[in-house]
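Working notes, beginning with the structure itself.
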Amino acid sequence: MNVRFLDLSVLDDEREIFLKAIDKVLQHGQVILGPEVQEFEERIQEYYGVPKALGVSSGTDALYLALRALDIGIGDEVITSSISFVASANAISLTGAVPVFADVNDDFNINPKSIERLITEKTKAIMPVHYAGKIADMDAINEIAKEYGLKVIEDASQAFGALYKGHFAGSLSDIGAISLNSMKILAALGDAGLLIVNDEQKYEKLSMLRYNGLNSQKVCEIVSTNAKMDTLQAAVLLQRLKSVNTLIDKRRKIADMYAASLSKILKTPYEDSDRKNVYFTYTIVTSKRDELFEYLTKNGIEVKIYHTNLMDEIAYRQHRGECENARELSQKKLALPCHEKMTESQVEYIIEKIKEFFED
Ligand SMILES: *Cc1c(COP(=O)(O)O)cnc(C)c1O
């Protein structure tokens with residue numbers, strides 16, 4: 001049996017739906033910020049129950065615009081997690097600010113105590129990453145932010161639809177940034193991103209930042225880039241949004257199957273009682289990680305070692321931070337296939353092979 005880590009193929013049913021949605025765009029011809037972009041933003045506002053959502057070109061751009069909207073730039077420091085995709089740190093660097101890396105807890109999410117130890121005069125913001133679809137300890141993070149007068153930007157790229165005390169990922173801070181690239185929970189056919197904001201002023205500024213700093217009179221007020229969401233992607237995302245809850249349920253069911261069989265032999269992800277995880281990945285921890293990787297690969301199961309300690313990346317080795325736990329977890333973490341196209345027998349096959357590995 002072969003199991004792929006992710007399957008991005010578009011099945012016939014979905015293909016028909018997409019072709020219709022795309023054809024509609026081709027007919028009205030408003031390919032730049034056409035009506036689908038606004039409709040998508042409105043549907044997101046409804047889904048999230050938040051005042052404002054803004055469609056952008058990617059998750060990296062969403063993070064960059066969020067930082068810019070909060071006036072973060074040269075001379076500033078932003079504390080972020082040492083376990084993430086490197087885009088979190090790059091978005092900070094692109095503003096001219098310096099990312100500082102805080103250590104993580106055993107669930108890979110940023111450790112609030114580590115954040116507090118790293119705060120200096122230069123610190124302007126905290127950027128938690130809701131890793132693998134589990135929301136970070138937002139009450140503790142917001143508490144620290146309040147005490148030290150810092151902004152908070154959530155990198156909710158891996159957590160679309162996840163909940164913390166009844167609130168969606170991305171709606172628990174000053175600005176939430178979410179990637180909608182084709183690998184994410186809510187996935188475009190290529191690149192797209194999303195910003196979640198709770199007030200009109202920030203929304204206006206983000207709208208300007210989205211396209212070269214132009215205001216509604218097309219006058220450039222601030223220096224910026226081009227980060228518009230494509231109408232064609234919005235048309236696709238509108239269709240995908242309809243089934244995103246079903247997709248999340250499927251992933252949660254797979255996670256339950258894994259946990260029921262594997263939690264005794266290795267460290268499986270845990271869900272706190274005040275949270276709902278969406279399992280962007282199902283990431284386990286074992287000291288026999290490298291051997292397990294080889295064994296599963298040999299048996300046709302595609303698993304991934306990635307999102308390791310950012311302070312070990314060439315670009316960030318000289319940066320300030322704490323990463324003791326992140327570094328150790330990076331040697332032990334392994335992401336198993338966990339996606340909606342998997343069959344039950346594929347999940348069972350993976351479980352069987354992992355058990356077999358630990359029995360030998
Ligand atoms: C995917 C991802 C991003 C970047 O998103 P793009 O849309 O690929 O630019 C940023 N942060 C995290 C945590 C991600 O997983």
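Descriptive notes on the structure:
- Area projected by the alpha carbon convex hull of region 244-359, averaged over all directions, nm²: 8.9
- Using the alpha carbons alone, the radius of gyration of region 281-320 stands to its Kirkwood radius in an Rg to Rh ratio of 1.11.
- Leading residue at positive end of dipole, the chain (Cβ point charges), from ALA234, ALA255, VAL98: ALA234
- Residues whose amide H lies under 5 Å from that of THR225, counting only those 5 or more places away or on a different chain, are ASN212, GLY213; hydrogens are built 1.01 Å from N in the peptide plane.
- Pairs from LYS24/LYS134; LYS165/LYS253; LYS253/LYS298 whose Cα-Cα separation, in the structure shown, is over 28 Å: LYS24/LYS134
- Inter-centroid distance (Cα atoms) of region 301-316 relative to region 207-239, Å: 32
- DSSP beta bridges in region 140-247 [antiparallel fraction, %, rounded to 5]: 75
- Range of Cα positions in region 1-138 per principal axis (Å), largest first: 55, 46, 28
- Cβ-based charge dipole, the chain, positive-most Cα from LEU19, ALA188, PHE108: LEU19
- Translational diffusion coefficient (Stokes-Einstein; Kirkwood radius from C-alpha pairs) of region 104-236 at 20 °C, 1.002 mPa s, in µm²/s: 133
- Distant-in-sequence amide H partners of PHE5 (H built 1.01 Å from N, under 5 Å): GLU302
- A dipole drawn for the chain from +1 and -1 charges on Cβ atoms has a positive end, and of ALA162, THR281, GLY75 the residue lying farthest that way is GLY75.
- Take every DSSP beta bridge whose two residues both sit in the chain; close to 60 percent of them are antiparallel.
- If only the Cβ of Lys and Arg carry +1 and only the Cβ of Asp and Glu carry -1, the dipole of region 70-120 around its Cα centre is close to 60 debye.
- Cα centroid separation, region 161-203 to region 89-139 (Å): 17
- Here the 3J(HN,Hα) profile of region 292-306, calculated from phi with Karplus coefficients 6.51, -1.76 and 1.60 at θ = phi - 60°, is 5, 4, 5, 5, 5, 4, 4, 9, x, 9, 8, 10, 10, 9, 7 Hz, Gly and Pro shown as x.
- Cα-Cα over 25 Å, subset of LYS288/LYS341; LYS52/LYS122; LYS124/LYS202: LYS288/LYS341; LYS52/LYS122
- Residue exposure sequence - VAL129, VAL244, VAL223, VAL25 - by fewest surrounding Cβ within 10 Å: VAL223, VAL244, VAL25, VAL129
- Projected label distance in nm at ASN226 and HIS167, using a 7 Å step from Cα toward the beta-carbon: 3.6
- Value of relative contact order over region 244-359, rounded to a whole percent, pairs C-alpha under 8 Å and six or more apart: 36
- Restricting region 219-319 to trypsin sites (Lys or Arg not before Pro) that sit in a DSSP loop and have at most 11 other Cβ atoms within 10 Å of their own Cβ leaves LYS264, ARG317.
- For the chain, a crude dipole built from +1 on the beta carbon of Lys and Arg and -1 on the beta carbon of Asp and Glu, taken about the Cα centre, is about 220 debye to the nearest 20.
- Binned Cα-Cα distances of the chain, short to long, each 20 Å bin given as a whole percent: 30, 57, 13, 0
- Percent RCO, i.e. relative contact order, over the chain, from Cα pairs under 8 Å lying at least 6 residues apart: 23
Coordinate-derived values only; no laboratory data. Values in this document were obtained by computation on a predicted structure and should not be read as measured data. FYI the Cβ positions are ideal-geometry reconstructions off the backbone, even for glycines, and counts take in every protein chain you see.
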